[in-house]
1. Please give the average number of partner chain Cβ atoms lying within 10 Å of the Cβ of each residue in A:68-76, rounded to a whole number.
2. Would you mind giving the three semi-axes, in whole Å and largest first, of the ellipsoid equivalent to the protein assembly as shown according to its Cα gyration tensor?
3. Please express the Cα-Cα pair-distance distribution P(r) of segment B:386-441 as a list of whole percents, one per 10 Å bin, running from 0 to the bin with the greatest distance.
4. May I ask you to list the aspartates and glutamates whose Cα is less than 20 Å away from that of residue A:131, ignoring any residue fewer than eight positions away on the same chain?
5. Roughly how crowded by other chains is peptide A:82-92, in terms of the mean Cβ count from those chains within 10 Å of each of its Cβ atoms?
6. Quick one: Cα centre-to-centre distance for segment B:211-250 and segment A:160-208, in angstrom?
7. Mind listing the Cα extents of chain B along all three principal axes, in Å, largest one first?
8. If you average the sequence gap of Cα pairs under 8 Å that are 6 or more apart and divide by the length of segment B:177-243, what percent do you get for the contact order?
Amino acid sequence: MSLLEVKDLKVRVEDREILHGLTLTVNPGEVHAIMGPNGSGKSTLSHVIAGKPGYEVTGGEILFRGENLLEMAPDERAAKGVFLAFQYPVEIPGVATMTFLRTALNAQRKARGESEYSTPDFLKKVREVAKSLNIPQDMLRRGVNVGFSGGEKKRNEILQMALFEPAVCILDEMDSGLDIDALRVAADGVNALRSPDRAMVVITHYQRLLNYIVPDFVHVMSKGRVVKSGGKDLALELEASGYAQFEDAA
Amino acid sequence: MNLALAKNETGRALSDSFAVARDRLPGTGKVAEARSAAFEAYDRVGLPHRRIEDWKYTDLRALMRDVLPLAPAPDAAALARAAAAVKLQAIKGVRRLVLVDGVFAPKLSELDGLEKGLTIRTLREVLEAGDAALQAQLFTPDVANPMVALNSAMMTDGVVIEIANGLVLTQPLHVVHIASGTAPAAMFTRSLLRLGKDAGATLVESYIAADGATAYQAHDSLIVTVGDNSRLDQIRLIEDISEAFNISSAVITLGAHAHFNTFGMTSGAAVSRYQATIAFAGEGSRVETNGVNLLNGRQHADTTLFMDHAVPHCASREVFRAVADDRAHSVFQGRIVVRPNAQKTDAKMMTRALLLSDEAEADNKPELEIFADDVTCGHGATTGALDESLLFYLRARGLSEKEAQALLIQAFVGEAIESIVNDDLREFAIAAAQRWLEARG
């Protein structure tokens, strides 16, 4: 069984259809890159998979391990193992990062019928992961993402990914706002989480990110559909020729 | 309009009840005269209503309808129920002073081993046998406010605490107001705290009910004087049952170079009003007031503060956070007066309201009256709902809707709660907020 199956998905926002029948199949261990110009529907796809309100699904389905994902609340999807790394992680003043991480992790474990982590076990785990991502301890005491740089916010997303151990990670424009050094740190963090059990969907506008996170498959989106799929070389091809050739195809 | 004519029938009933209660009210001579004068002051107006500007949002005539008869003194069974309630609300490391149904309960209180310079008496003792100056001080609050006047007329008991010059109390004093009555009744309490010069104290006041308590009215007032170079920390928690009324007043007067840090949180009572006057009487003093309302159902909670900058070089900070769910109604009225010679006053007030339902209401009424020209004064107010993008982020990380809301509500009120300096007391306030959040389900 595939891990994530998006079948002929049609999505509207208010009166406008954004996705016009999108199909994507992701198996465990695979890394898929979704590329496309602005407005092609990449972020809409990531939001609908995570369950963000405000999108109306008018056709098709999304299955996660064969279950209908669209019927689940966002927190149920998270507990089942769906993780969205946000393009713009929000700042939550007054909620310490550590408190947030513990509340989230325990909420997911509780939903799965697992025991909650004890405080010492939890702290040990967070410290290990934080260290590997170069996240200083004082960042964990601050409000979630409050006063974090762009790179720190993205590292905080990857920290959560490492902590929650999801089955499928959707990385929405992880490279936006990052300089080359910050990008490398973030990409190293993601690569460390690649495993035969885990799949990743990397959404990006630019080929650059894919030099660091090398995908197994590349899909080109245009005007709400996947218009071309191929191996990692497709990204290089795009880099040379641009998206214009696909505008007409869509 | 003629207020005397507007007085309703319930006013008459209360006149009778004052006459009946008189024998049970401590004090004779001047005290009794002061009571009668206060009752007449109340009786001229009766329960305040919306046509009185200060009570515009809290029309007690509509909300409370009448003043209940004076609660009987607690019997053994009532004291036993109160003792159980006290146990549940115990705070680590405090000296507890307990009032049950408006009467001081020595057996539930801790009066042993008082520090040298700390005196604690009951209001009853002082009204019956105290010195005239102290008795007069107990009647200082402004009887132009009808609910203060009523309290002056009917006060039965309370605690009178005196802290000598130079004594810094490390152990907080916790005054617990417990209602235990199984029949509807009213309690009238008044307490006084005199903090000398170069002294320090922490006063905690909590309002709770024993198991089985029925609809009641808690009428309380507090008089505080803070001496020069002294610091007072105050924490008030209203956790009355959902049928209860809580009408409390306070008058706090600060000497020179004094520091007053106060935190109040209302999560209980059907209707509550806390009205406080904070007066600067000496230069170089500082006040921080932090308030939180956590309301649901049809709760109505009013906090009305009057910051009186009467002298130069004083600073005040007011932070208020209201959370209202369902059809709850939160009211904050903040009046700041800077008198003509109070130059270099630095006064700021910031209120924020969080509405969790379309039918919840929050009224903010800031009033700045500035008569000096070299001052820094400001106020700001915001009202809004929980941020949808924050809620989605939390839900995408596995928190249920209620859990996500709870975390954001905690963060919203957190800034005010963080103002509590004492760790145990801060934890106690956080626990009270948690109880409210958990009761939401």
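1. 3
2. In descending order, the three semi-axes are 61, 25, 24 Å.
3. For segment B:386-441, the binned pair fractions read 24, 44, 28, 4 percent.
4. Result set, ordered by chain and number: A:121, A:152, A:157, A:165, A:181, A:188.
5. Neighbouring Cβ atoms belonging to other protein chains average 3 per residue here.
6. If we compute the Cα centre of each part, the gap is 54 Å.
7. The Cα atoms of chain B stretch 68, 55, 51 Å along the principal axes, largest first.
8. This gives 46 percent for segment B:177-243.
A short reminder: the numbers here are calculations on the coordinates, not readings from a lab. Here the structure is a predicted model, which is why all the values come from computation and not from measurement. Glycine also receives a Cβ, built like all others from the backbone with ideal geometry; neighbour counts cover every protein chain displayed.
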